[in-house]
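Working notes, beginning with the structure itself.
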Amino acid sequence: MSEISILSKADLLARTLTMLSETVDRYELFADQMDVVNNPEAADIFRWLAEKQNNRTQVVESLSKDTELPHISPWDYNWDDAINTSAHYMMTPYHTLSLAIAVEQSAAKLFLQIEQSEISSDVKKMAHGFAREANDFCAQLEKKRREYPMPEKGWDEDHDPPLMLE
Amino acid sequence: MNDFASLATPPTQHIGVTRSLSIAMLGSGGSGVMTAGGQLLDAAGQAGWYGMMTRSSGPQIRGGEAAALLRLSPKPVETHKGRFDILLAIDWLNADRFVGEIILDSNSIVIGDQGGTVPEAISRMGGRYVELPLSELAKGISGGRPNMVALGALAHLIGLPIDALEAVLTKSLSKKGQEAVDASMAGVRAGAEQASAVPDIPDFKVEANAKQERWSITGNEAAGLGAIRGGVRFVAAYPITPGTEILEWLAPNLKKVGGVLVQAEDELASINQLIGGSFGGTPSLTATSGPGLALMIESIGLAVASETPVVVVDVMRGGPSTGIPTKSEQSDLNIAIYGLHGDAPHIVVAPMSIGDCLFTTQWATHLAETLQTASIVLSDQSLGQTRALIDRPADIAFVSGGRSITSRSEDFKRYAVNDSGVSPMSIPGTVGCQYTADGLEHSPTGTPSSRAEDHIQQLNKRKRKLDQFDYGDHWALTEGEGEIAVLTWGSSTGPVSEAIDMLRAEGYKVRLISMRLLLPAQPQRLAQALQGVERTLIVEQCHGAQFHHYLRAHYDLPGEIRSMAIPGPLMIRPDDVYSELKAWENA
Amino acid sequence: MEMANTCPSLKAKDYKSGTKPVWCPGCGDYSVLLAITKAMAEMSLSPENVALVSGIGCSSRLPAYLNVYGFHAVHGRALPVATGLKVSRPDLTVLAAGGDGDGFSIGGNHFMHACRRNVDMTYIVMDNQVYGMTKGQASPTTDPDWDKSKLTPGGTKINPYYPLVIALASGANFIARASSTDPNGAAKVLVDAMQHPGFSFVHMLSPCVTFRPEQKDWKKMVRAAPVEPTTDPAVAAKRLMTDDNFFLGTLYKGNRAPYQPELKTSVEHISELEKGFIL
């Protein structure tokens, strides 16, 4: 989990923005993948997720407007749960939303840890706010997931073998 | 002096054409005939003559039998006659291996060292035998060598001024010091003095031409210079006989003009290094021979498909497989034209003389650059490794326009389909024009595509750019008139041209057409060149008649056609072509 | 390494082109692409001054997905193309990339000589121990008993090739392993590789979800190498010979000078060269 300590608002904002941009990039990538493998339902949900995260990014960016943020190199943190998820070409909307829920749960957990660490109260307050947002989004996703059926066993069965390309 | 002319075959003499003198110098392991031959050639050039020298040798790297075959003339010469006026042997060890290459008759002079025995295979051909004490004279001079004595004797016999030899020796031995020059000159003088005992043969005194700037150059060196004149600044090299000298000449010289040569691990690497160099914006070339070309073929297709200009000079040798590496053959025509898989239009050109290796390589580079494609230059061992005295080749400048994008362009499409077929090409470093070059079929932007529409568009584009280009008069050498034509290419042009001269001297009208541009085919131009022709002889040094078949496939040939397709390793001689044409005439 | 100009304002995704990859979802190569863009962003490289060359195979599709100059060459020849480019254009940042079949089998000779020649470039081999584009045949890094290919029933029965050991023996100046399961760690290795002079070899574990689904477990098997990079080839040799293929990080950093023939800027006129031919 976190390898750098969050001491200031600037640290927290930088960290949050990096996490958000990671998830936006991932969701966009997955949306593209789903387009390529002709899975429009999953693609649409990933696009919607990317847009949601993008909106949150804009909010956090506006909060950071007057703050000089430290640069975080990719290897300076390792938010494994979010950046290491992978998609499946036959994944259903249920899987798609489950993936996003896991990401949000992980984010909320991280912000909670930060909130509980030895930091000033205004940073704590901000971390608390971010954790709440993540939890709220998570609840929204869970609600949305209920609109879709749970995938049946064998959902990833492909009756054709893989193709030969080059 | 022994006379074994009585054993000889009848002399083959033709009337008045190129007056010239052919000299063969033989010797084995360390005798220095190659060096002496080169010095004789250069001295002849100093004295205002033209000429050429070919090296022939056994399979040994050191110590084997070797022959320097020279032909000197007041006019430029492009081929050996086969028949030799003088054969000088420092020794006769294994000399009969050259019998096929060196033809003597009763008018030839055979010179050997005192006490030697002329092999029967040589003495049988005829000629007047003269013994000179080459070794003995050399022994009498401190640092003296028989090859220098021989050089002096030959100079005297052919009327070459000793001053010209001295100038050449002084230059070539400058690193070894004055002592070496003096010893060599002492040998030369001793040889010359001894040769004055040989009865004078007036025929042999060739009057030298007026002095003007003359070059001593091999076809391989000329190809190297042509590459640099054409703008080549990156060369990837893998050694192979007989193409290596192009690379060895380029290594130091390319550096002087700001270029670079890299020795690659194999030909697969060298061709792909070229593609990388060229992609980076640097005109790129390599030289090889048949086996190397075979290895490069896949990536030449990549250059065609990705439209990355590259030039490959194939100095052809006897094939197939390892074949006869040190001897010439025109048998890589098929692989050069048809070797690429898929429909891959590209350029194939062939120099028709040693000096033309310069122009043709330069032109090939210009065409590759302008048309963003691969050019294959088909030179061969006889052009590449023969040294000739030629007039300074003209400076020719081409304006290449292939790499058209050097600044940001908003709607840049690397493989844009347009009328000319030549799409804009950016080079790395150009902002906003990044693209991925691809050997996969692609859309105009370069994105891989297997769609029928993209394939046909790109196929048409790659064909169109070559078909529409105006190659001008460079496509062929066309000369003369009449109802008989000889159609040839590459190094066969020399003997064909000389055979036609012989026939013309007898009053025949014969056309010569030698094709420099082999791909894309130029059917309209050839049809025009052959207008009114009733008989065409197709001459090539190739057992499989590849040129003949190529002509049949791509052109309509009028009238009667005959094919004269002779494999290496022996060169086609003017006499052979002359006899073929005479026989046809009389049929 | 010095760049003529840099672009500090670019983000990782600005290095991606608009072309969508054809890789299978879940393929490790997506993360390698991400790691490369992150590394480029960290180094503030100007996209027009970077070129990535590849051969043939799934991972060799990479250049089209980046907003840098790219060359998708033929099978096995990425390294010579990259060599020709870098030697004639030393001002560019040059990378080569491909898979284990492309780099170690058909391109094996070039790999050895590229290590030996030590031109300043970075070579990323995405190793999934299988030929994906031809439907799952064994590659030089496949275990001898892997029996899922129709081409080698019962397995290859041939010991796998050890690319890092061969790289060291051949003279590579930088040897590292990274994994697509840790793209941020991979980005760090890539920055390190690109900044190190000479030939840098990055062995990139990149699972194939289609033909080697068991490789999903690699995520649990990889771990940071518990050592600092060594400059001593003997130490590196022992390290690489005893390596279990899952240690990540920079393992060897040599100090050999890169091969870069001088490109003269003050040049002679061609007529000077011609003087050698005048009698």
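Applying the criterion of being closer than 17 Å to B:Phe98 by Cα and in contact with a Phe, Trp or Tyr (Cβ under 7 Å, 6 or more places away or on another chain) to the residues of the stretch B:51-82, the residue that is surrounded by the fewest Cβ atoms within 10 Å (Cβ to Cβ) is B:Ser56.
Contact map, the stretch C:253-265: first residue within 17 Å of B:Val257 (Cα to Cα), second residue among the β-branched types (Val, Ile, Thr) and in a loop (DSSP other than H, G, I, E, B), Cβ cut-off under 9 Å, separation 6 or more or different chains; pairs are C:Gln260/C:Val119; C:Lys264/B:Val257.
Considering the stretch B:253-262, the residues that are closer than 19 Å to B:Cys357 by Cβ and either touching an Asp or Glu at 6+ places or on another chain (Cβ under 9 Å) or assigned to a helix (DSSP H, G or I) (or both) include one that is farthest from the other protein chains (Cβ to nearest Cβ), namely B:Leu254. Determine if the stretch B:476-496 includes at least one residue that is over 22 Å from the mean Cα position of the chain (by Cα) and in a helix (DSSP H, G or I). The answer is no; no qualifying residue exists. Screening B:Gly37 with (1) modelled with pLDDT under 95; (2) buried (at least 23 other Cβ atoms within 10 Å of the Cβ) gives one miss only, at (1). When you look at B:Asp391, is it surrounded by fewer than 24 Cβ atoms within 10 Å (Cβ to Cβ), among the acidic types (Asp, Glu) and touching an Asp or Glu at 6+ places or on another chain (Cβ under 9 Å), yes or no? Criteria met by B:Asp391. Taking the stretch C:105-210 and the helices (runs of 4 or more DSSP H) fully enclosed by it, the elements with 1 or more residues that are within 14 Å of another protein chain (Cβ to nearest Cβ) and β-branched (Val, Ile, Thr) are at C:183-195. If you filter the stretch C:69-85 down to residues that are within 30 Å of C:Lys264 (Cα to Cα) and more than 7 Å from every other protein chain (Cβ to nearest Cβ), you find that the one that is surrounded by the most Cβ atoms within 10 Å (Cβ to Cβ) is C:Ala78. Of all residues in the stretch B:234-252, those that are within 15 Å of C:Leu85 (Cβ to Cβ) and more than 7 Å from chain C (Cβ to nearest Cβ) total 1.
Residue pairs whose Cβ atoms lie under 6 Å apart, separated by 6 or more positions or on different chains, with the first residue in the stretch B:228-254 and more than 19 Å from B:Gly323 (Cβ to Cβ) and the second crowded, with 23+ Cβ neighbours inside 10 Å and among the acidic types (Asp, Glu), are B:Trp249/B:Glu221. May I ask you to verify whether B:Gly439 is more than 24 Å from B:Glu298 (Cβ to Cβ), among the small types (Gly, Ala, Ser) and outside the structural domain of B:Glu369 (by TED's automatic domain parsing)? For B:Gly439, the condition - more than 24 Å from B:Glu298 (Cβ to Cβ), among the small types (Gly, Ala, Ser) and outside the structural domain of B:Glu369 (by TED's automatic domain parsing) - is not met.
Please count how many residues of the stretch A:112-166 are among the small types (Gly, Ala, Ser), touching a helix residue (DSSP H, G or I) at 6+ places or on another chain (Cβ under 8 Å) and within 26 Å of A:Phe46 (Cβ to Cβ). Matching residues across the stretch A:112-166 total 2.
Residue pairs whose Cβ atoms lie under 9 Å apart, separated by 6 or more positions or on different chains, with the first residue in the stretch B:119-143 and outside the structural domain of B:Ala67 (by TED's automatic domain parsing) and the second surrounded by 14 or more Cβ atoms within 10 Å (Cβ to Cβ) and at pLDDT 95 or above, do not occur. Within the set B:Thr370, B:Thr365, B:Thr326, the sole residue that is surrounded by fewer than 23 Cβ atoms within 10 Å (Cβ to Cβ), outside the structural domain of B:Glu101 (by TED's automatic domain parsing) and not in a loop (DSSP other than H, G, I, E, B) turns out to be B:Thr370. For the stretch C:13-55, the set of residues classified as outside any helix (DSSP H, G or I), crowded, with 24+ Cβ neighbours inside 10 Å and either of a type in the set (S, T, N, Q) or out of contact with any helix residue (DSSP H, G or I) (no Cβ under 7 Å at 6 or more places or on another chain) (or both) consists of C:Cys27, C:Ser54, listed by residue number. Looking at the structure I just gave you, is B:Ile572 touching a residue at least 40 places away in the same chain (Cβ under 8 Å), among the hydrophobic types (A, V, I, L, M, F, W, C), surrounded by 17 or more Cβ atoms within 10 Å (Cβ to Cβ) and in contact with a Phe, Trp or Tyr (Cβ under 7 Å, 6 or more places away or on another chain)? Answer is no for this residue. Of all the numbered requirements in (1) buried (at least 19 other Cβ atoms within 10 Å of the Cβ); (2) in contact with a Gly (Cβ under 7 Å, 6 or more places away or on another chain), C:Val202 misses one, and that requirement is (2). Residues satisfying the criterion are present in the stretch C:231-243 (criterion: under 26 Å from C:Leu34 (Cβ atoms), modelled with pLDDT under 95 and more than 14 Å from chain A (Cβ to nearest Cβ)). Here A:Arg47 clears all of (1) modelled with pLDDT of 95 or more; (2) within 10 Å of chain C (Cβ to nearest Cβ); (3) assigned to a helix (DSSP H, G or I) except the condition numbered (2). The conditions of being closer than 18 Å to C:Ala64 by Cα and free of Cβ contacts under 8 Å to residues at least 40 places away in the same chain are not met by C:Leu95. Can you find a residue that is surrounded by 24 or more Cβ atoms within 10 Å (Cβ to Cβ), facing chain B (nearest Cβ under 8 Å), at pLDDT 95 or above and within 15 Å of the chain's Cα centre (by Cα) anywhere in the stretch C:86-99? Yes, that holds for at least one residue. If we scan the stretch A:93-114, do we find a residue that is part of a helix (DSSP H, G or I), charged (D, E, K, R) and away from every other protein chain (no Cβ under 14 Å)? Among the residues of the stretch A:93-114, at least one is part of a helix (DSSP H, G or I), charged (D, E, K, R) and away from every other protein chain (no Cβ under 14 Å), which makes the answer yes.
Just one of (1) at the interface with chain B (Cβ under 8 Å from one of its Cβ atoms); (2) closer than 16 Å to C:Met133 by Cα; (3) assigned to a helix (DSSP H, G or I); (4) of a type in the set (Gly, Ala, Ser) fails for C:Ala64. It is (2). When each of B:Ala190, B:Ala210, B:Ala186, B:Ala222 is tested for being more than 9 Å from chain C (Cβ to nearest Cβ) and either over 30 Å from B:Val130 (Cα atoms) or at pLDDT below 95 (or both), the lone residue that passes is B:Ala210.
Of the listed requirements (1) modelled with pLDDT under 95; (2) farther than 30 Å from C:Asp192 by Cα; (3) within 13 Å of chain C (Cβ to nearest Cβ), A:Asp80 misses just one: (2).
The values are calculated or read from the model by the stated rules, or taken from the named source; none is laboratory data. On a predicted model such as this, the values are computed, not experimentally measured, just so you know. Please note: Cβ atoms are built from the backbone with ideal geometry, for glycine as well, and neighbour counts cover all protein chains shown.
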